[in-house]
Amino acid sequence: MSMRMHVAEPRPGELTTTYKHFYIERPCRILIIGEHLKAKTKYSCLLRHISIGGAMLDFNPNIPLPKNFFLQIDGFKEEIGCTQVHRLGAELGVRFNMVLSQDFLRRLIRSAFQSNGI
């Protein structure tokens with residue numbers, strides 16, 4: 001699995017930043033937003049690893065996606081705004097539209113740790 005999500009081209013006026021990433025395999029959903037900000041389509045995918053700035057997902061390569069969508073991780077109510085920055089086969093790299101809070105990331109890691117029975 002590549003780390004392209006961490007070296008994606010910066011937006012205009014931004015510096016290139018890398019974040020510590022965490023390997024977490026967790027089911028999640030991609031939400032495509034339609035008219036009137038209602039979820040138009042939901043697709044299942046697998047979260048492979050995540051940082052406060054982005055994530056790498058396993059997703060069906062045959063399904064076209066818009067550049068922007070929301071990600072919802074199973075067990076969490078938050079819908080995270082994402083922008084697609086890399087796609088190669090089943091590998092889908094996304095950048096979060098806002099940096100995730102440390103608290104959210106901590107809860108996600110703790111949840112993954114507890115569910116794996118380590």
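Assuming S2 fulfils every condition listed in (1) at pLDDT below 90; (2) part of a helix (DSSP H, G or I); (3) open to solvent by less than 90 Å² (accessible area, probe 1.4 Å) apart from one, which condition is it?
Failed condition: (2).
Give the residues of region 88-118 that are free of Cβ contacts under 8 Å to residues at least 40 places away in the same chain and touching a strand residue (DSSP E or B) at 6+ places or on another chain (Cβ under 7 Å), sorted by residue number.
Those that are free of Cβ contacts under 8 Å to residues at least 40 places away in the same chain and touching a strand residue (DSSP E or B) at 6+ places or on another chain (Cβ under 7 Å): A90, N97, M98.
In region 44-78, what residues are open to solvent by 60 Å² or more (accessible area, probe 1.4 Å) and farther than 19 Å from R110 by Cα?
Across region 44-78, the qualifying residues are S44, N60, P61, N62, P64, K67, N68, F70.
Can you pull out the residues in region 45-63 that are under 8 Å from the mean Cα position of the chain (by Cα) and hydroxyl-bearing (S, T, Y)?
none
For region 59-81, how many residues are within 21 Å of G34 (Cβ to Cβ) and either touching a residue at least 40 places away in the same chain (Cβ under 8 Å) or among the β-branched types (V, I, T) (or both)?
Residues in region 59-81 being within 21 Å of G34 (Cβ to Cβ) and either touching a residue at least 40 places away in the same chain (Cβ under 8 Å) or among the β-branched types (V, I, T) (or both): 6 in total.
When only residues in region 15-43 that are modelled with pLDDT of 65 or more and assigned to a loop (DSSP other than H, G, I, E, B) count, which is surrounded by the most Cβ atoms within 10 Å (Cβ to Cβ)?
Among those residues, the one meeting the criterion is H21.
Can you report the number of residues in region 79-99 which are β-branched (V, I, T), within 15 Å of F59 (Cα to Cα) and surrounded by 19 or more Cβ atoms within 10 Å (Cβ to Cβ)? Don't jump to the end; show me each part of the working.
At the first step, the residues of region 79-99 found to be β-branched (V, I, T) are 80, 83, 85, 94, 99.
Then drop every residue that is not within 15 Å of F59 (Cα to Cα), which leaves 83, 85, 94.
This time we only want the ones that are surrounded by 19 or more Cβ atoms within 10 Å (Cβ to Cβ), so: 94.
Residues meeting the conditions: 1.
Regarding V99, is this residue more than 10 Å from the chain's Cα centre (by Cα), more than 21 Å from F113 (Cβ to Cβ) and outside any strand (DSSP E or B)? Talk me through it step by step, then tell me what you get.
Numbers: more than 10 Å from the chain's Cα centre (by Cα): yes; more than 21 Å from F113 (Cβ to Cβ): yes; outside any strand (DSSP E or B): yes.
It is true that V99 is more than 10 Å from the chain's Cα centre (by Cα), more than 21 Å from F113 (Cβ to Cβ) and outside any strand (DSSP E or B).
The values are calculated or read from the model by the stated rules, or taken from the named source; none is laboratory data. Model, not experiment: these values are computed from the prediction. We place every Cβ from the backbone using ideal geometry, glycine too, and count neighbours over all the protein chains shown. Keep in mind that these areas ignore ligands, DNA and RNA; they rest on the heavy atoms of the full protein, side chains included. Shrake-Rupley method; radii C 1.70, N 1.55, O 1.52, S 1.80 Å.
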